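The values are calculated or read from the model by the stated rules, or taken from the named source; none is laboratory data. For clarity, every value in this text was computed on a predicted model and none was experimentally measured. In this analysis, Cβ positions are derived from the backbone assuming ideal geometry, glycine residues included, and neighbour counts consider all displayed protein chains.
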Amino acid sequence: MVASLINVLGFTTGAILYAMLLWMVVRSHPPDQGWVASSSDRLSLLTGVLGLFWNIGAFSAYGLPTLGLVEPSPLLMSFAFSALGFLPAVVVHSVLRSRGELKRAVDRSILYFAYALSFSSSLLHVVAALRWHLLFSPTAFLILMAGFAAVMIALLIDTRKTPGSSRALWVVALAVFAVSALHLSKHTGTDPWWLELLGHHASLPLALAFLHQDYRFALADIFLKRALALILLVCLVFGIYAFGVAPVVTTWTVQGGADEPMILMLLAMWVGTALVYPLIRSFTAWFVDTVVLERPDYDMLLAQASQAIAGQDTAESILEDLKGLIGPALCARSVQWRTVDTRNAELVQKVVTTTAHSATLFIPTVDMPQYAVSIAELEGGRRLLSDDIAAIEKLAHLVARRIDAIRTAHERFERDIREREISQLASEAELRALRAQIHPHFLFNALTTIGYLIQAAPDKALSTLMRLSGLLRSVLRSSPEFSTLGEELAIITAYLDIESARFEDRLSVNIDVSEDLRQLRIPSLLLQPIVENAVKHGISESRTGGQVRISANLTDADSEGASLRLVVEDTGAGGSRAQFASGRSRGVGLNNVEKRLNCYGKGTAQMQIISKPGIGTHIELVLPLKTIADPVVGVK
């Protein structure tokens, strides 16, 4: 009873699994290629057809009689056993093909011998059916057992350098088939259930060995998860029947019990089986993904991607990192990125577009250019499942947001640079205009002095004119925007020498600036207008004349916020605040200096003016050393 149940369930399961295999091959086949596009396609299709034909025929021979139906004809069964005999030859073909194009004579010899064994056994089965009306030929199975045992040994020697896990799988499959052939050659119909399981269902490990060569991921995703779930369900049902229902039914029958409790027990077991099946599906999915395929942990992959792209500052480097992450995770032989035209609506509507053996990942950035990542040649017949697609969609959005952030930062940086350049150009233009005001102002004052000397002291006019010529050459030449304090004092000293010729004893000069400070840079002609105002409005308007004092010192010299303090003061006429404000509104020099300080110091440079009638005027400039040592703008 148990052996008959094993055969019914086993062949039913085998037929379902091989039908699933055929569906998998058809589904994973590229639609733009013919069925004979490659040997892999031919072997896949041949394996599915042979396995399905064998399991249907075997079910007719060993399952239908159990159900009380008529046995099939011997000729039909001879074809079914012939299909079983060709399955190991197809496995050998797959193993040898995976090592190359069968260029070695040894490989071709093994392959021809394997197919010769299958063909000869098929011929014996057909002869036995036609001549003696037998379901199979025992001699044919003995030939298959001995022949494929020899093929297995030859393959072990020929493929000794092949990885051990791959060799172990198909060697076990061939060994199981050899045992099965031996069992079928001596089959009596009264064998125990475990021997029936081993002897009649050897086609399953052969199919698994074949599929592992070319469709590892497809086998696992489409075939193995469902197969394991179905096998575990069958085992559960068989276990419940063999160790639960059958003993109870036997005891119940012997004791003459009622049928209602037994029916309720069967119903309860059926309901329990239905409730347990979702757990079986979840367990098989976890087992295949984690143990068999070793799929990556996508949460960890996303964390690694986030950490990797965080250190990149260009879209190209980010996309290269994405290639390095996606390729190993999806077992893709080729991952390439390219710029895309977003006017193609079909590409933009979906982040991930999949085909049989490839996928396209669109990077949905906000601005142009946008990118697409082509994922091609997935190994092992792999297809992207929902968790794969969800993970790479998250990667696409993660990469897109990082690229958008980089572009925003670059745009902000470029905008700041443009604004700074515009501000710099505006400041330079303003400074040029201010310096252009200084030159005629200085020239006018100098010529006024020469005119006075020609009338008042003609003997001094010529020498003073020569000094003025040199001074104007220094002032009016195209000089840098910044000069040293010593160079500015040299110009001021030459100017004051000319004015001394005019005022004689009424003008005295005192310059107190150390040599160290004379090396500091300050804006050109910054002190000159102040000194001119001191002479023109202070000394010249005082009957007794006066003194012009120029000094410089450092404030907070020990700190990073040190400043240069420049003082220009005179002991001339001075003036009230109202008088001074009125004079500034009509004049050029001090307003010019103040505007230039605002341009250079950006509010950090200061000018302070103190003027008292009859006492004189005190003007103090404070220039932060950072401003004058590293100026923001400069005239070229």
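A few notes on this one:
- The lone exception for A308 - which of (1) part of a loop (DSSP other than H, G, I, E, B); (2) touching an Asp or Glu at 6+ places or on another chain (Cβ under 9 Å) it fails: (1)
- Qualifying residue in the stretch 500-508 (condition: within 60 Å of the chain's Cα centre (by Cα) and in a helix (DSSP H, G or I)): no
- Residue match in the stretch 532-547 (condition: within 57 Å of the chain's Cα centre (by Cα), surrounded by 13 or more Cβ atoms within 10 Å (Cβ to Cβ) and not acidic (D, E)): no
- Of D459, D497, all but one fail to be modelled with pLDDT of 80 or more and of a type in the set (D, E); the exception is D497.
- Check on Q307, surrounded by fewer than 14 Cβ atoms within 10 Å (Cβ to Cβ), under 18 Å from H397 (Cβ atoms) and at pLDDT 80 or above: yes
- For the stretch 490-530, a tally of residues being loosely packed, with under 15 Cβ neighbours inside 10 Å and over 30 Å from G451 (Cβ atoms) returns 5.
- Qualifying residue in the stretch 116-124 (condition: assigned by TED's automatic domain parsing to the domain that holds S73 and assigned to a loop (DSSP other than H, G, I, E, B)): no
- Every listed requirement among (1) modelled with pLDDT of 70 or more; (2) of a type in the set (K, R); (3) over 25 Å from D313 (Cβ atoms); (4) surrounded by 16 or more Cβ atoms within 10 Å (Cβ to Cβ) is met by R383 save one, (1).
One line per residue, one yes/no per condition, for (1) surrounded by 12 or more Cβ atoms within 10 Å (Cβ to Cβ); (2) aliphatic (A, V, I, L, M); (3) modelled with pLDDT under 85:
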site	(1), (2), (3)
G256	no, no, yes
P261	no, no, yes
V291	no, yes, yes
L301	yes, yes, yes
S317	yes, no, no
E320	yes, no, no
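- Boolean, V276 is closer than 29 Å to A61 by Cα, β-branched (V, I, T), surrounded by fewer than 18 Cβ atoms within 10 Å (Cβ to Cβ) and modelled with pLDDT of 65 or more: no
- Residue within the stretch 572-592 that is β-branched (V, I, T) and at pLDDT 80 or above present: no
- Unique residue being under 50 Å from the mean Cα position of the chain (by Cα) and modelled with pLDDT of 65 or more when the list is I143, I153: I153
- Failed item in (1) in a helix (DSSP H, G or I); (2) buried (at least 16 other Cβ atoms within 10 Å of the Cβ); (3) touching a helix residue (DSSP H, G or I) at 6+ places or on another chain (Cβ under 7 Å); (4) at pLDDT 75 or above, with G486 passing the rest: (2)
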